[in-house]
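Okay, structure first, notes after.
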There are 2 protein chains.
Amino acid sequence: MAEPVDSEGSPSPPAAGPAARRVRRVSMADVARLAGVSSQTVSRVSNGHPTVVEATRLQVLAAMKELGYRPNSAARALKSGEFRTLGVILFTLSTTGNVRTLEAIASSAAHEGYAVTLLPVAAPTQDEVRGAFTRLGELAVDAFIVIMEVHLLDTATVSLPPGVQVVVADSDAGDRYSVVDTDQAGGTREAVRHLLDLGHRTVWHLAGPKESFAAQRRADAWRATLTEAGRESPPPVRGDWSAESGYRAGLRLADEPGCTAVFTANDQMALGLLHALHEKGRAVPEDISVVGFDDIPEAASFIPPLTTIHQDFAQVGRLLVEGVLRQLRTDAPERGTTLVPTRLVIRSTTAPPNTGS
Amino acid sequence: MAEPVDSEGSPSPPAAGPAARRVRRVSMADVARLAGVSSQTVSRVSNGHPTVVEATRLQVLAAMKELGYRPNSAARALKSGEFRTLGVILFTLSTTGNVRTLEAIASSAAHEGYAVTLLPVAAPTQDEVRGAFTRLGELAVDAFIVIMEVHLLDTATVSLPPGVQVVVADSDAGDRYSVVDTDQAGGTREAVRHLLDLGHRTVWHLAGPKESFAAQRRADAWRATLTEAGRESPPPVRGDWSAESGYRAGLRLADEPGCTAVFTANDQMALGLLHALHEKGRAVPEDISVVGFDDIPEAASFIPPLTTIHQDFAQVGRLLVEGVLRQLRTDAPERGTTLVPTRLVIRSTTAPPNTGS
DNA sequence: TTATGCGATGTTTACGCAAACATCGGTGTC
DNA sequence: GACACCGATGTTTGCGTAAACATCGCATAA
């Protein structure tokens with residue numbers, strides 16, 4: 001294996017206990033001494049207080065610069081009682097949705113002057129979640145946002161630290177928490193209707209994993225829409241969100257005689273599905289129509305370009321941050337679910353069924 | 001001048017600021033009172049000190065539970081001088097590499113008992129970066145990791161807060177910082193060699209954006225490998241990492257007469273390229289071979305499955321965390337670059353050139 | 001002139017925690 | 001029995017900051 005090239009830097013200093021001798025940081029008092037003012041004046045300059053005369057201000061600023069002063073956020077937080085930081089607890093960064101939502105959260109938070117601390121949970125097990133929440137309790141965070149299937153929060157052993165505001169994404173816990181979510185049902189209905197409107201007799205479903213609330217909702221809405229239209233629901237095929245699982249499912253669906261349309265619970269699985277259908281010689285959309293969910297940027301480049309349901313992750317993230325900050329400011333927990341609408345993006349994987357054959 | 005000075009003494013924060021009336025949190029003293037011990041004993045229980053008799057411990061624990069006590073991390077950090085938090089500054093969560101690296105960082109950090117605070121920079125401009133670093137200086141972090149093109153750190157206006165340890169990814173700043181990076185050159189060489197070995201006369205390159213250090217390195221190594229082999233380098237085509245840009249590039253490359261092999265700087269662009277080639281009726285790999293870079297999970301489901309260079313983001317993330325923690329503990333900044341090896345994953349987009357035609 | 005007001009700055013204090021030191025009973029040793 | 005020792009717990013102190021309150025001096029009003 002390639003040996004890591006490692007050019008050396010400064011020699012490591014002799015003895016240095018783990019967190020031993022932390023160099024004493026420059027404090028307000030040091031700055032004050034150098035500037036010849038009181039530390040309170042330094043504080044005022046530091047916080048942009050208006051009642052500091054310009055000359056003094058400049059002097060303090062100069063002293064700060066000379067000493068390389070950086071305010072100590074621990075002390076500040078201790079005084080003010082807030083960290084200006086939001087915690088985000090999530091399972092994985094491997095799903096598009098989570099990543100995009102996190103991205104939106106981070107940028108909304110930054111806009112409000114808040115930083116975002118990540119609290120990844122290695123595995124969706126009770127133990128892991130409980131551990132994460134224990135750590136959360138000690139984290140330097142004012143409030144937090146949970147992105148996960150909330151049924152894992154349901155047991156008595158895992159409880160949110162009291163007095164900490166929280167907002168949840170991707171969950172059905174609207175009766176206990178404030179939830180923001182994509183309109184899974186609405187999006188699904190659009191997808192299924194689109195296929196039915198094209199003339200397909202029914203629509204098959206490539207579902208996401210059982211543990212996922214979003215997957216569950218999409219599957220339920222798919223069935224409900226078919227039922228409303230008086231159609232039969234074929235047995236859903238289950239994947240795990242990955243393209244690989246979509247491929248496996250596709251190999252099976254390709255051989256289903258009556259299958260002319262598939263609604264796939266996310267775009268990655270749709271990619272795998274397209275791959276399998278292609279391999280099996282089933283033309284899309286001529287033989288089989290496919291609709292995805294998410295509208296990842298790559299969807300437009302699938303072969304053929306994927307018709308899918310667009311999710312507005314940015315909006316979800318924004319609403320999550322707004323919601324949690326509102327709760328934080330009013331100190332009043334909220335409940336209820338806010339749905340963010342979806343949009344059907346028609347590309348090239350859907351067409352009327354090939355009735356000729 | 002008519003200065004609109006408010007007649008009142010106290011400055012702006014008179015009413016209901018964001019941080020209005022924070023409910024006083026339960027402190028050690030409260031727990032101590034209820035448990036009938038001193039606050040120091042509560043502290044000892046809280047930190048698992050061994051010299052507390054079991055009966056006392058249980059009593060304190062009970063009091064903690066009853067009151068819903070949570071240690072105040074600000075006070076703790078103020079005392080101990082460390083937050084046990086790492087800051088990560090990055091431009092975007094929209095590239096696979098950044099996300100996967102971040103994921104690895106977060107999990108490695110968690111493993112070491114550190115949390116990760118995100119510091120997204122909206123745009124790669126000097127102003128934005130400067131702003132981010134200013135905020136960083138006040139952030140509750142012990143050290144940080146920079147994932148970005150470091151030339152933006154080069155101007156005098158942007159300087160890392162002194163005394164804060166830092167490690168950089170995706171950069172060539174090994175002479176000033178500790179850098180961890182994928183072996184871009186090695187991976188590229190593997191890709192180009194693979195194509196040449198198959199018999200292609202030369203290899204075209206679909207490059208990433210100019211601002212990206214990784215893109216630059218890949219382009220340089222591509223050219224160098226061709227030169228070494230005594231081949232001509234066709235003019236590189238530039239994309240922006242997106243599948244869309246790969247598609248546009250593909251439309252052009254499809255019409256290049258001598259083009260039988262393309263090395264694409266990432267998998268997303270390769271996806272777009274495949275799409276364009278398919279549309280133009282150019283068969284892959286019969287007419288044109290394609291090699292990507294990254295090995296995203298979806299690459300195996302492309303049509304056809306993509307031959308690509310696998311990057312070990314997990315390892316990069318791990319090394320970043322290890323490096324920054326080592327610096328933190330020894331209080332000694334390091335320099336030099338550590339390279340993480342890549343691996344060629346051969347799937348179905350490469351084949352010998354179609355010499356018949 | 002003296003009183004008054006107010007702007008600029010200094011002094012005190014408390015935030016919650018944990019290290020350092022102090023105390024207080026009991027045990028073992030001679 | 002006096003003393004040293006030790007384990008369990010209490011008391012004091014200070015981390016860096018910023019609110020609250022105090023002070024000082026100058027300008028304007030009476």
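The values are calculated or read from the model by the stated rules, or taken from the named source; none is laboratory data. Given the structure is predicted, the values throughout are model-derived calculations rather than measurements. Using ideal geometry, Cβ is built from the backbone for each residue, glycine included, and neighbour counts are taken over all protein chains shown.
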Residues of segment A:49-59 that turn out to be more than 9 Å from DNA strand C (Cβ to nearest atom) and in contact (Cβ under 8 Å) with a residue 24 or more places away in the chain, as a count: 0
Some residue of segment B:287-308 being assigned by TED's automatic domain parsing to the domain that holds B:S233 and more than 24 Å from A:Y247 (Cβ to Cβ): yes
Filter result for A:A77 (part of a helix (DSSP H, G or I), out of contact with any helix residue (DSSP H, G or I) (no Cβ under 6 Å at 6 or more places or on another chain) and within 16 Å of DNA strand C (Cβ to nearest atom)): no
Strands (runs of 3 or more DSSP E) completely within segment B:301-357 that count 2 or more residues being more than 11 Å from every other protein chain (Cβ to nearest Cβ): B:307-310, B:343-345
Among (1) modelled with pLDDT under 90; (2) exposed (fewer than 13 other Cβ atoms within 10 Å of the Cβ) - the single one A:E54 does not satisfy: (1)
Qualifying positions in segment B:263-283 - more than 10 Å from chain A (Cβ to nearest Cβ) and either among the β-branched types (V, I, T) or under 23 Å from A:L274 (Cα atoms) (or both): B:T264, B:N266, B:K280, B:G281, B:R282, B:A283
Subset of segment A:61-118 that is among the polar types (S, T, N, Q), within 16 Å of DNA strand D (Cβ to nearest atom) and touching a residue at least 40 places away in the same chain (Cβ under 8 Å) - its residue that is surrounded by the most Cβ atoms within 10 Å (Cβ to Cβ): A:T85
Matching residues in segment B:164-208 - criterion: being within 25 Å of the chain's Cα centre (by Cα), away from chain A (no Cβ under 13 Å), polar (S, T, N, Q) and outside any helix (DSSP H, G or I): B:S171
Pick from segment A:42-60, criterion closer than 15 Å to A:R70 by Cα and more than 14 Å from chain B (Cβ to nearest Cβ), ranking: farthest from DNA strand D (Cβ to nearest atom): A:V60
Verdict on B:P18 being modelled with pLDDT under 50, more than 9 Å from DNA strand D (Cβ to nearest atom) and either within 11 Å of chain A (Cβ to nearest Cβ) or surrounded by 14 or more Cβ atoms within 10 Å (Cβ to Cβ) (or both): yes
Test result for A:P304, without any contact (Cβ under 8 Å) to a residue 40 or more places away in the chain, in contact with a Ser or Thr (Cβ under 7 Å, 6 or more places away or on another chain) and closer than 25 Å to B:H275 by Cβ: no
Residue in segment A:26-41 that is nearest to DNA strand D (Cβ to nearest atom), counting only those that are crowded, with 16+ Cβ neighbours inside 10 Å and outside any helix (DSSP H, G or I): A:S27
Residue check for A:T260: more than 10 Å from chain B (Cβ to nearest Cβ) and either over 28 Å from the mean Cα position of the chain (by Cα) or surrounded by fewer than 21 Cβ atoms within 10 Å (Cβ to Cβ) (or both): yes
Residue, farthest from DNA strand C (Cβ to nearest atom), within segment B:80-103, restricted to residues that are among the small types (G, A, S) and at the interface with chain A (Cβ under 10 Å from one of its Cβ atoms): B:S94
